[in-house]
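*Asks:* For reference, the structure I am asking about is given below.
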There are 2 protein chains.
Amino acid sequence: MEERLGLRERKKAQTRRRIEDAALELFARDGFDEATVEAIASAADISPRTFFYYFAAKEDVVLADYAGRLDRIIQQLAMRPPTETPWEALRASFLVVAADYETERAGLIRRFRIIAGTPSVHARSLQLQSGWEDTVTATLAERMNREPQDLIPRLLAASALAAIRSSLQNWIATESKSSLPELVNNCFTHLESGLARVS
Amino acid sequence: MEERLGLRERKKAQTRRRIEDAALELFARDGFDEATVEAIASAADISPRTFFYYFAAKEDVVLADYAGRLDRIIQQLAMRPPTETPWEALRASFLVVAADYETERAGLIRRFRIIAGTPSVHARSLQLQSGWEDTVTATLAERMNREPQDLIPRLLAASALAAIRSSLQNWIATESKSSLPELVNNCFTHLESGLARVS
DNA sequence: ACACATTCTGACACTTAGTGCAAACTTGCA
DNA sequence: TGCAAGTTTGCACTAAGTGTCAGAATGTGT
């Protein structure tokens, strides 16, 4: 709505950012478990109690913005014309999000390194993904006029998530021979035409 | 090796079982977070410290045996003849495991109820599943003579996991119109012949 | 039956995450 | 200016999980 945020919001965003930077640096230097909330708070010049005013858990510092992506997927999915098959709609929506990821590779790798190396963060990340799956499933079920517990919408949602997760993993692991959207597109094609064909 | 376990092993198994029973009952009665380790230990007639000798975390009481299933999958997968396509091998292996699940419905539901209702347990469960995916991916990669970071083995593994997870969810949610192996078989067929076809 | 190694159990002290509460302080707005 | 709402902090508290070590129970060999 307003271009200029109030002083209050600007300061809040600033503080949040300061905490995030301090934490990510300490995580990289000392490891996630070793970097205590107290140390992070001290580095970010706030009290430990204030840390929890911004983040519900230490894990959330790593995964914070990560969460906003779901909204983008759902939003995209809702915009697809009803003439498309469910799978076509899914594919189009997920490709948009893949393109988003593509633009932030540097920041993401920093975070993925922590996720991969820290069980508790990994667990939380999976939990978020599971939430996405639920929401995509529900959205899909409605579009298809089926029960939310129906097998099909869930399978479609889970497969789409599997596609993006596989692509992401490959994209991070290899030095990106292909762009992320290409990889995702690839996976979707395989799933679309049937896994029996895969060598 | 030996049919009769020593007194030591029998007692250990017995204690483990006692802890498990006490915990599961308290979880059901008070909720997972409300049931403290101290209360569980007291109910199982052991010291709190001993609880952690048997389980690394409270979550593991719910998910303990759950872990052994991976071995079954991998074992099955290793047994499939090399003439089968990767997908055929996956399908056959996962169907065996689905049949295993089928026989323990009652006990599973008790646990699933806790998993579904407790974020931290759910998170840990997902973490285990993620470990399975990694292992299945690696096994598959070897069978296919590809790099472990290759896109394809991961996509196949993730899809198979998606199939069993979707089936399980549906099987628990509905009052089992179909058997679990039927549901899994169904999902595999969809993935095999292509999701484009799905209504 | 005896001694010896291994494994199990418990007690104690400790670190850290996370919550509830209420008081102090800052900003937005009339 | 002054009041309402939002932000920051300190303090006290619960509970999970770890390290350490001493002592009890058990398995094994003689």
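*Asks:* P(r) for segment A:1-101: what percent of alpha-carbon pairs falls in each 5 Å bin, starting at zero?
*Replies:* 2, 11, 17, 15, 12, 12, 11, 9, 7, 3, 1, 0
*Asks:* If you don't mind, there's one more thing I want to ask. Provide the FRET efficiency to the nearest 0.05 for the B:ALA99-A:ALA173 pair, computing r from the beta carbons and using R0 = 35 Å.
*Replies:* According to the calculation, E is roughly 0.55.
*Asks:* Quick check: residue separation of A:ASP71 and A:VAL37 times 0.36 nm, minus the Cα distance between them. What number comes out in nm?
*Replies:* Difference between extended and current length: 9.3 nm.
*Asks:* Related question: In units of 2.2 N^0.38 Å, what is the alpha-carbon radius of gyration of segment B:126-182?
*Replies:* Cα Rg divided by the expected 2.2 N^0.38 Å: 1.34.
*Asks:* Thinking of segment A:63-197 as a set of Cα atoms, what percent of all their pairs are more than 27 Å apart? Intermediate values should be presented prior to the final figure.
*Replies:* Working: 1631 of 9045 pairs.
Looking at segment A:63-197, the distances longer than 27 Å represent 18 percent of pairs.
*Asks:* Quick one: check the C-alpha center-to-center distance for segment A:136-181 versus segment B:89-136, whole angstrom.
*Replies:* For segment A:136-181 versus segment B:89-136, the Cα centre distance is 19 Å.
*Asks:* Below 8 Å, C-alpha to C-alpha, sequence gap of six or more: please give me the relative contact order for chain B in percent. Working shown, then result.
*Replies:* On the way: 141 pairs, mean separation 35.6, N = 199.
Worked out over chain B, it gives 18 percent.
*Asks:* Still on this structure, please answer the following. How are the Cα pair distances of the protein assembly as shown distributed, in percent, across 20 Å bins from 0?
*Replies:* Calculated over all Cα pairs of the protein assembly as shown, the distribution is 24, 55, 21, 1 percent.
*Asks:* Let me ask something else. With no solvent and one equal point scatterer placed on each C-alpha of segment A:1-59, evaluate the Debye formula and give log10 I(q)/I(0) for q = 0.14, 0.15, 0.28 Å⁻¹, two decimals.
*Replies:* Listed by q, the Debye log ratios stand at -0.40, -0.45, -1.15.
*Asks:* Right, another one. Measure nothing but the geometry: give the 0 to 90° angle between the long axis through the Cα atoms of A:68-79 and the longest principal axis through the Cα atoms of chain A, rounded to 10°.
*Replies:* 30
*Asks:* Follow-up question, since we're still on this one. Pop out the ³J(HN,Hα) list for segment A:165-170 in order, Karplus 6.51 cos²θ - 1.76 cosθ + 1.60 with θ = phi - 60°, rounded to Hz; leave Gly and Pro as x.
*Replies:* Computed from phi, the couplings for segment A:165-170 are 5, 4, 4, 4, 4, 5 Hz.
*Asks:* Pull up the cross-link candidates among the aspartates and glutamates for A:LYS58, meaning alpha carbon to alpha carbon under 15 Å and not fewer than 8 places away within one chain.
*Replies:* Excluding near neighbours in sequence, the set is A:GLU20, A:ASP21, A:GLU25, A:ASP30, A:ASP33, A:GLU34, A:GLU38.
Laboratory data are not the source of any read-out in this text; all were calculated from the coordinates shown. Just so you know, these numbers come straight off a predicted model, no measurement behind them. Using ideal geometry, Cβ is built from the backbone for each residue, glycine included, and neighbour counts are taken over all protein chains shown.
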